[in-house]
Amino acid sequence: SASMHSGPSRLGSPSTPLWSGKGLTAFGRAFVERLDSMKVFVDLAHVDRKGFWDALDVHDRRRPLLVSHAAVDGVYPQFRNLDDRQIRAVADSGGVVGIIYHALFLEGAWLGTTLAKLVEHVMHLIRVGGEDVAALGSDWDGLICPPRDMPTCLELPRLVHALLARGLSSRTVEKLLGQNFLRALEMLRPT
């Protein structure tokens, strides 16, 4: 795919608002079909809303969808965040949505977000799509601004504690921490 400064990719839409609303090209639609045929996840994390629905139009309904790292519009409206209809579509496919830890998507600030805001996004995701759709999509690659009280993976116990304190069962938290993704992967590539 093209960088965010060189225009839209041939596959669809990058993660910048400049190209938002363009949807998938014919090449992008064919690429979704090819990924499905190869049993490779169709990851819709960097596609705009029109592209999301374009991908669903050609996606093999027997395969789970993946949104590896995004947040939810129901907590903070942002061009990259998923609306409730998108969350339900991923859940209905048996797929997962990984909540990103980036402050810009969690609450619109580059700095200053907290673990509590991340938990709000997780809770909304579960309310809308159910406990089987929720996953973590940290995106700890050095290009995000994570919650200041959770800057690395070493603070994951804080997240677990916060989710349990919000009333989630330990079983639901285990699903969120990896079991949901592994279940979706098993659906995609049964052994």
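For Cα extents along the principal axes in Å, the candidate list reads (i) 69, 47, 35; (ii) 62, 40, 32; (iii) 46, 40, 26; the entry that matches the value derived from this model is (iii).
Taken one residue at a time, the phi angles of segment 108-124 give Karplus couplings (6.51, -1.76, 1.60, θ = phi - 60°) of x, 10, 6, 10, x, 6, 10, 4, 4, 5, 4, 4, 4, 5, 4, 5, 5 Hz. Gly and Pro are set to x.
Say a site is exposed when it is one of the trypsin sites (Lys or Arg not before Pro), sits in a DSSP loop, and has at most 14 other Cβ atoms within 10 Å; what is then the longest site-free stretch of the chain? For trypsin sites (Lys or Arg not before Pro) (loop position, at most 14 other Cβ atoms within 10 Å), the longest site-free span of the chain is 63-147. In this Cβ point-charge picture (+1 for Lys and Arg, -1 for Asp and Glu), segment 55-118 has a dipole of about 160 debye about its Cα centre. With contacts taken as Cα pairs under 8 Å and at least 6 residues apart, the chain reaches a relative contact order of 17 percent. Report summary: the helix-based calculation at 222 nm, which adds -39500 (n - 2.57) for every DSSP H run with n ≥ 4 and divides by the residues of the chain, gives -11500 deg cm²/dmol.
Rolling a 1.4 angstrom probe over the protein heavy atoms with all chains in place gives the chain an accessible area of 49 Å² per residue.
Expressed as a whole percent, the accessible surface of segment 19-133 that belongs to carbon and sulfur atoms is 54, based on a 1.4 Å probe.
The values are calculated or read from the model by the stated rules, or taken from the named source; none is laboratory data. A quick note: this is a predicted structure, and the numbers were derived from the prediction, not measured. All Cβ positions, even for glycine, are placed from backbone atoms using ideal geometry, and neighbour counts span all protein chains on display. In case anyone asks, the SASA skips ligands and DNA or RNA and just uses the protein heavy atoms, side chains included. Shrake-Rupley method; radii C 1.70, N 1.55, O 1.52, S 1.80 Å.
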